[in-house]
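Novice: Structure below; questions to follow.
The values are calculated or read from the model by the stated rules, or taken from the named source; none is laboratory data. All values derive from a computational prediction rather than experimental measurement. Positions of Cβ are generated from backbone atoms using ideal geometry, with glycine treated the same way; all protein chains shown enter the neighbour counts.
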Amino acid sequence: MMETILQTNIFEPILIEKANGSWFWDTKGNKYLDCVSGTWCVNLGHNHPRVIQAMKEQMDKLVHRSMRFLTPMTLQAAEDILLFFPHEYDKITFLNSGTEAVEFAINFAQKATNREKVLSLKNSYLGAYGIAKQYSYTSSKASDLKIDYPECDDINCNCLEDFNPLIEHIIENYSSELACFALEPILVSGGIHKPCTNFINELCKQLQEVGVLIVIDEVTTGFGRTGRKFGYEHYDITPDVIALGKAMGNGYPISAIITKAELEEKISPSNRYYAQSHQLDPLGAIAAATVVKIFEEEKVIEKSQEKIKQFNAFFQTLSHPAIKEIRSHGMLFGIQVQSYNNISSTDLVLQIKDKLLDEGVLIGYSVGKELLRLLPPLTITTEEREFVFQKLTKVFNEL
């Protein structure tokens, strides 16, 4: 049956039939705890009843309309999401995917500044195609504008002493050509790396002083994934444009870009024109608006703090010669694997993820990064966490 599907990915040899909360079931009735939240999308767990109910009610009214019209649901969702932000923004448009949102955000910055070049960090993943991919680590295209960065959690660090020359080099040589700095607050696909706070703060400050816009990619880090509403809150910066996606629809494909009217006004209406069939459709809008309400009313982020502590406490006890390093930030966890017992690190990554799947736990992995990833739903329960801890311990002990 799988032969009919174009092989754009490596698919596991099981078929998923249904899901609920932190779990999904295959067609044979086997149950798995989903520690990657779908594709890092269901921060509220699969099939959240409030999201499903809101979408069902909306489907009875209106799913799609001509792009020439707006709907009351879309306008209400726009207002709710803008109010959800810790900084004041007054413009939003809804799109379909994270890559589309980042592409739109970068293109918007280019038009607003009349500049073309984009600055990004090495190990960034900004999207699957176009400009977003060009400035991601997945692109083979070399660029002096994919820059190194210090990785540090110490606010009193001396990282700037080593990296000030790099900042000066960028400002002196590229600032007049740069449209934006496209930043992932935490480099998730790149290996769960957090750049030094002082470095990012200083770089963004100097870039904005010379008219370079700060575009933040919150596609993965947004909606509570880092322990705060948005990943950029871990820095002292005010973004100019923000790209959203993934958890915004809790499993339904919707994304957005957020910005300010003052930037919109710098672009002529004809140059601002963007038309896409499902842009601003009401079904995605109602899903996103409901997600925001759940976060606020059910205090999802506040409740996740204790869960983050419990995960970190467990990972401090998880020790094995095959583990090189464990990195975490909020509900983002990465286990860096190294060769062990004559088994290469790449083979170990595959072996561990397969053994965990056999034990009923789905985790993410990157062979190239020699990394195992866990991004569980923020709603994961105590019993579910203990199940994950037990299975991780068992699999590593049996290597």
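Novice: If you go through region 187-243 one residue at a time, how many are farther than 24 Å from I131 by Cα and in a loop (DSSP other than H, G, I, E, B)?
Specialist: The qualifying residues number 10.
Novice: Now for a different question. I need a count of the residues in region 248-301 that are of a type in the set (V, I, T) and more than 27 Å from Q208 (Cβ to Cβ). Break it down stepwise before answering.
Specialist: Within region 248-301, the first condition is being of a type in the set (V, I, T), and the residues that meet it are 254, 257-259, 267, 286, 290-292, 294, 300-301.
In the following step, the residues that additionally are more than 27 Å from Q208 (Cβ to Cβ) were identified as 254, 286, 290-292, 294, 300-301.
Qualifying residue count, region 248-301: 8.
Novice: Another question, if that's okay. Could you please tell me which pairs satisfy a Cβ distance under 9 Å, a separation of 6+ or placement on different chains, a first residue in region 1-30 that is without any contact (Cβ under 8 Å) to a residue 60 or more places away in the chain and of a type outside the set (F, W, Y), and a second residue that is surrounded by fewer than 10 Cβ atoms within 10 Å (Cβ to Cβ) and not in a loop (DSSP other than H, G, I, E, B)?
Specialist: P13/M2; L15/M2
Novice: May I ask you to verify whether T8 is at pLDDT 95 or above, outside the structural domain of Y125 (by TED's automatic domain parsing) and of a type outside the set (D, E)?
Specialist: no
Novice: Restricting region 241-280 to residues that are touching a strand residue (DSSP E or B) at 6+ places or on another chain (Cβ under 8 Å) and of a type in the set (S, T, Y), which is nearest to T39 (Cα to Cα)?
Specialist: S255
Novice: State all residues of region 61-111 that are more than 17 Å from the chain's Cα centre (by Cα) and hydroxyl-bearing (S, T, Y); if no residue qualifies, say none.
Specialist: Correct list: S66, T71, T74, Y89, T93.
Novice: Go through N43, N30, N20 for me and flag whichever is in contact with a Gly (Cβ under 9 Å, 6 or more places away or on another chain) and outside the structural domain of E386 (by TED's automatic domain parsing).
Specialist: Just a single option satisfies the conditions, and that option is N43.
Novice: Turning to a different aspect of this structure: Which one of the conditions (1) surrounded by fewer than 17 Cβ atoms within 10 Å (Cβ to Cβ); (2) at pLDDT 95 or above does C157 fail to meet, given that it meets all the rest?
Specialist: Result: C157 fails condition (2) only.
Novice: Related question: If a residue has to be surrounded by 14 or more Cβ atoms within 10 Å (Cβ to Cβ) and either touching a Ser or Thr at 6+ places or on another chain (Cβ under 7 Å) or not β-branched (V, I, T) (or both) to count, how many in region 277-295 make the cut?
Specialist: So the count comes out to 13.
Novice: Please go through (1) in contact with a Pro (Cβ under 9 Å, 6 or more places away or on another chain); (2) under 14 Å from V241 (Cβ atoms); (3) crowded, with 23+ Cβ neighbours inside 10 Å for V118 and return the number of the only condition it doesn't satisfy.
Specialist: Result: V118 fails condition (1) only.
Novice: Collect the residues in region 308-349 that are assigned to a loop (DSSP other than H, G, I, E, B), crowded, with 18+ Cβ neighbours inside 10 Å and touching a Phe, Trp or Tyr at 6+ places or on another chain (Cβ under 9 Å), keeping them in residue-number order.
Specialist: Matches in region 308-349: A322, M331.
Novice: Restricting the first residue to region 42-55 and requiring it to be touching a residue at least 24 places away in the same chain (Cβ under 8 Å) and buried (at least 24 other Cβ atoms within 10 Å of the Cβ), which pairs with a second residue that is among the aliphatic types (A, V, I, L, M) and in a loop (DSSP other than H, G, I, E, B) meet a Cβ separation below 6 Å and a spacing of at least six or different chains?
Specialist: What qualifies is N43/L378.
Novice: I've got another one for you. Report those strands (runs of 3 or more DSSP E) wholly inside region 1-103 carrying at least 1 residues which are in contact with an Asp or Glu (Cβ under 7 Å, 6 or more places away or on another chain) and more than 30 Å from Q305 (Cβ to Cβ).
Specialist: Fully inside region 1-103 and qualifying: 16-20, 23-26, 91-95.
Novice: Between residues in region 161-183 that are in the same structural domain as E202 (by TED's automatic domain parsing) and more than 14 Å from T197 (Cα to Cα) and residues that are among the β-branched types (V, I, T) and surrounded by fewer than 14 Cβ atoms within 10 Å (Cβ to Cβ), which pairs lie under 9 Å by C-beta distance while being six or more apart or on different chains?
Specialist: I171/V210; S175/V210; S176/V210; L178/V210
To keep it simple, each residue is scored yes or no on (1) at pLDDT below 95; (2) in contact with a helix residue (DSSP H, G or I) (Cβ under 6 Å, 6 or more places away or on another chain); (3) over 11 Å from D281 (Cα atoms).
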position: A54; (1), (2), (3): no, yes, yes
position: E57; (1), (2), (3): no, no, yes
position: L62; (1), (2), (3): no, yes, no
position: A78; (1), (2), (3): no, no, yes
position: L82; (1), (2), (3): no, no, yes
position: Y89; (1), (2), (3): no, yes, yes
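Novice: If you scan region 338-378, which residues turn out to be under 17 Å from C41 (Cα atoms) and within 17 Å of the chain's Cα centre (by Cα)?
Specialist: Within region 338-378, I363, G364, Y365, R373, L374, L375, P376, P377, L378 qualify.
Novice: In region 356-377, what residues are assigned to a helix (DSSP H, G or I) and either surrounded by 20 or more Cβ atoms within 10 Å (Cβ to Cβ) or touching a strand residue (DSSP E or B) at 6+ places or on another chain (Cβ under 9 Å) (or both)?
Specialist: At the first step, the residues of region 356-377 found to be assigned to a helix (DSSP H, G or I) are 356-358.
Correct list: L356, L357.
Novice: While we're on this one: Which residues, taken from region 194-251, are of a type in the set (K, R) and in contact (Cβ under 8 Å) with a residue 60 or more places away in the chain?
Specialist: Within region 194-251, K194, R225, R228, K229, K246 qualify.
Novice: All but one of (1) crowded, with 17+ Cβ neighbours inside 10 Å; (2) under 27 Å from A19 (Cα atoms) hold for E302; state the number of the condition that does not hold.
Specialist: Going through the list (1) crowded, with 17+ Cβ neighbours inside 10 Å; (2) under 27 Å from A19 (Cα atoms), E302 breaks only (1).
Novice: Could you check L203 against (1) closer than 30 Å to N271 by Cβ; (2) surrounded by fewer than 23 Cβ atoms within 10 Å (Cβ to Cβ) and say which number it fails?
Specialist: (2) is the only condition that L203 fails.
Novice: I need the full set of residues from region 22-56 which are farther than 23 Å from D354 by Cβ and touching a Ser or Thr at 6+ places or on another chain (Cβ under 7 Å), in order please.
Specialist: Within region 22-56, N43, L44, G45, R50, V51, A54 qualify.
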